[in-house]
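The values are calculated or read from the model by the stated rules, or taken from the named source; none is laboratory data. Values in this document were obtained by computation on a predicted structure and should not be read as measured data. Ideal geometry is used to build each Cβ from the backbone, glycine not excepted, and the neighbour counts take in all protein chains shown.
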2 protein chains.
Amino acid sequence: MEGITVAVDAMGGDYAPEEIIRGALRTIQETQLNIILTGNENEIKKILEKENKDLLPIRICHASQAIGMTDSPFEVLRHKKDTSLQVALELVKKNQAQAVFTVGNSGAALALAMFILGRLKGVDRPALAGIIPTLEGRIVLIDVGGVVNCHAYHLVQFAVMGHVFAKYILDIPEPRVALLNIGEEPLKGNDLVKETYNFLKKSPLKFVGNIEGKDILHNKADVVVCDGFVGNIALKLGEGVVEDLVTSIKKEAQKNPLAQIGLILIKKSLRRVFEKLDYSEHGGAPLLGINGTVIIGHGRSRAKAVKNGIKMAATFVKQDINNRLEKGLREHRAFMPTKYWRKLTERLKEVVS
Amino acid sequence: MEGITVAVDAMGGDYAPEEIIRGALRTIQETQLNIILTGNENEIKKILEKENKDLLPIRICHASQAIGMTDSPFEVLRHKKDTSLQVALELVKKNQAQAVFTVGNSGAALALAMFILGRLKGVDRPALAGIIPTLEGRIVLIDVGGVVNCHAYHLVQFAVMGHVFAKYILDIPEPRVALLNIGEEPLKGNDLVKETYNFLKKSPLKFVGNIEGKDILHNKADVVVCDGFVGNIALKLGEGVVEDLVTSIKKEAQKNPLAQIGLILIKKSLRRVFEKLDYSEHGGAPLLGINGTVIIGHGRSRAKAVKNGIKMAATFVKQDINNRLEKGLREHRAFMPTKYWRKLTERLKEVVS
């Protein structure tokens, strides 16, 4: 991955800038990547000095503002014109970097990326693909919050983009694509998924049908397609349940001395199970459909997760994913809803709302 | 609860008819309820004899067919005219019973209940309310699969019905109502929840705003409102994650002798945590908005869960919930979408689809 430059937004997420910078430093030590850190120059320099790494070949691009986790995308677009994320995206726009890695506010990242870099050909709405750790590996859940009001053609595009991503980044030769639904039978679900089912059934993708929420972790598919509202709720719910269980088991075991000993003996096994499912470690949600490479890490990413995210950004560039996405969408155009049909339903939806 | 008769569908779910019948017998021993078991008379009699309980005051109503867990509601309505569930519902219709308890195929139960008993006044679409065990109690998630294509006025009705149910069955004096969403800010979400938010905000309900998937278990609200597609996926996902974790922890601990001992020591604590969250134990999903009382238990209900479900059905009758639901909907009519507005959006939706 020599020669690839990743612009890393040093100011986002819960542990910024320390953990972001540490992750960037580790990446440089392990790979041949070039990194440009964007954010408050003084703060970044101080940390580099503290880590004794101010002599490493790492560049800094100053930005006077940072995006908070609760800033709305509209506010950011209108009033924050010099954020670390914007500076990072503009480095890609100006071809001084090939990819952006940021941690945190995914809504703002999507809006800014759309605004600065634009969309790929054939993409109506870029999607946020969640890479979800399961007990037996990982899957792509697409979309997890990029598009919350979806038409069938959005979901079909998500399926194609998820397929390309799983194939070339997760190294799954023939990814199985499924539709997240409330039952496995073809006739189940709301109007949106029923319509999408009919398109996917005819497509050349390896479509394995519907899967239910409980089977997301069961490795029944490699790419799980859903609208961004459902996907975001599923993602956060799954993550929340896992966290709650860890806390509850610990709390419950504290009540009894024998159980406390048991907890110590079983600690490693518990940790292995929960590490497998730790979204903040495996995370890294690529924005698919943007004319540029943007990978968003979990808000709670620490150095290791940051390193993995930066590496994923570089792999994305190296594997030429965006060209493959455009090619994939072109090749699958034949079974997508026609332009006329799409215009019609879109127009009518506007009238309704 | 003397004098109340519950018709219990003996043929549904994974452990029918044995566990259903055992649950019914336990209920009779503990309460003054009358029970009519519906289903295959010979099979039921054999089990009653085996349990030495053929002399208890329990009636049997024969039905020649049973509904399978994968039977589609349409098939059941068209081709299965003498199922145990239908017989149970008709007992309520004929006023020979006041409530139905069934386990299993909720889609078929909803369709049959609508067909045989009809809707309450002011209800557009009856909802399936899930009673979800959380770490600190339980909440009502409404809807969990009754209505998969929702308008805002459906969701507002769900909110009112969930409020009434939580108040009079779960004994929460002033239930907090929240909207399941992808973020807590008012402007978050898809068009449906944004619209619903505006109605609920103005309502006299104790509306606490949006909650995210991860907070369902955190007791931030007593009634969580969502469309049936989202609710069903959330319900099954949550249940699936909990089950998977139990299995994985056991499997992982088997790999190491010390961890095995740890597992034995901690077993009770683990069980307490998982029992708290066991939906099949706490379950019992009432159909709200039906002109009659129908409680649906989890497909995996065993005797204890069946007993709890039958008791809930009787409480539903005793508390006169259906009158309270109609009254609640009448009282809240002022802040619901007007009839004209609803007709317009409905008509336009038909045109689109």
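Being within 12 Å of chain B (Cβ to nearest Cβ), in contact with a Leu (Cβ under 9 Å, 6 or more places away or on another chain) and not in a strand (DSSP E or B) narrows it down to one of A:V160, A:V193, so name that one.
Exactly one residue qualifies, and that residue is A:V193.
Go through (1) surrounded by fewer than 22 Cβ atoms within 10 Å (Cβ to Cβ); (2) in contact (Cβ under 8 Å) with a residue 40 or more places away in the chain for A:G231 and report which single condition fails.
(1)
Could you grab me the full set of residues in the stretch B:134-157 that are among the small types (G, A, S) and within 12 Å of chain A (Cβ to nearest Cβ)?
B:G145, B:G146, B:A152 - these are the residues of the stretch B:134-157 that are among the small types (G, A, S) and within 12 Å of chain A (Cβ to nearest Cβ).
Considering the stretch A:226-261 alone, what residues qualify as being closer than 21 Å to A:I211 by Cα and acidic (D, E)?
Of everything in the stretch A:226-261, those that are closer than 21 Å to A:I211 by Cα and acidic (D, E) turn out to be A:D227, A:E239.
Enumerate the pairs (first residue in the stretch B:285-313 and assigned to a helix (DSSP H, G or I); second residue anywhere and of a type in the set (A, V, I, L, M)) with beta-carbon separation below 6 Å, excluding pairs fewer than 6 apart on the same chain, so at least 6 apart or on different chains.
B:V306/B:I20; B:G309/B:I295; B:I310/B:V6; B:M312/B:I295; B:A313/B:V6; B:A313/B:A99; B:A313/B:I295
So which of B:K276, B:K267 ends up being at pLDDT below 90 and either out of contact with any strand residue (DSSP E or B) (no Cβ under 9 Å at 6 or more places or on another chain) or away from chain A (no Cβ under 14 Å) (or both)? Please lay out each step first, then the result.
On the way: B:K276 fails: either out of contact with any strand residue (DSSP E or B) (no Cβ under 9 Å at 6 or more places or on another chain) or away from chain A (no Cβ under 14 Å) (or both).
Checking each option against the conditions leaves just B:K267.
Determine which member of the set A:R300, A:R347 is in contact with a Ser or Thr (Cβ under 8 Å, 6 or more places away or on another chain), within 14 Å of another protein chain (Cβ to nearest Cβ) and either at pLDDT below 90 or within 22 Å of A:I132 (Cα to Cα) (or both).
Within the list A:R300, A:R347, the selection yields A:R300.
If only one of B:A313, B:A305, B:A285 is closer than 30 Å to B:K202 by Cβ, surrounded by 16 or more Cβ atoms within 10 Å (Cβ to Cβ), away from every other protein chain (no Cβ under 11 Å) and under 27 Å from the mean Cα position of the chain (by Cα), which one is it?
B:A285
In the stretch B:7-21, how many are under 14 Å from B:S84 (Cβ atoms) and assigned to a loop (DSSP other than H, G, I, E, B)?
Narrowing the stretch B:7-21 to residues under 14 Å from B:S84 (Cβ atoms): B:7-13, B:16-17, B:20-21.
The next check asks that each one be assigned to a loop (DSSP other than H, G, I, E, B); those that pass are B:10-13, B:16-17.
Going through the stretch B:7-21 one residue at a time, the tally reaches 6.
Identify all residues within the stretch A:228-261 that are part of a loop (DSSP other than H, G, I, E, B) and at the interface with chain B (Cβ under 8 Å from one of its Cβ atoms); write none if there are none.
Selection gives A:K255, A:N256.
Can you work out which of the residues in the stretch B:87-105 that are crowded, with 24+ Cβ neighbours inside 10 Å and among the polar types (S, T, N, Q) is modelled with the highest pLDDT?
Among those residues, the one meeting the criterion is B:T102.
Quick test for you: out of B:I139, B:I67, pick the one residue that is crowded, with 20+ Cβ neighbours inside 10 Å, at pLDDT 90 or above, in a strand (DSSP E or B) and under 20 Å from the mean Cα position of the chain (by Cα).
Working: B:I67 fails: in a strand (DSSP E or B).
Only one candidate qualifies: B:I139.
Only one residue in A:N256, A:N219 is surrounded by fewer than 19 Cβ atoms within 10 Å (Cβ to Cβ), within 30 Å of B:S269 (Cβ to Cβ) and either in contact (Cβ under 8 Å) with a residue 40 or more places away in the chain or in the same structural domain as A:A303 (by TED's automatic domain parsing) (or both), so which one is that?
Details: A:N256 fails: either in contact (Cβ under 8 Å) with a residue 40 or more places away in the chain or in the same structural domain as A:A303 (by TED's automatic domain parsing) (or both).
Exactly one residue qualifies, and that residue is A:N219.
Among the residues that make up the stretch A:264-276, is at least one of them surrounded by fewer than 22 Cβ atoms within 10 Å (Cβ to Cβ), of a type in the set (G, A, S) and in a helix (DSSP H, G or I)?
Checked against the condition, which is being surrounded by fewer than 22 Cβ atoms within 10 Å (Cβ to Cβ), of a type in the set (G, A, S) and in a helix (DSSP H, G or I), the stretch A:264-276 yields no hits at all.
Part of a helix (DSSP H, G or I), in contact with a strand residue (DSSP E or B) (Cβ under 6 Å, 6 or more places away or on another chain) and not small (G, A, S), is that true of A:L200?
Yes; evaluated as a whole, the condition is true for this residue.
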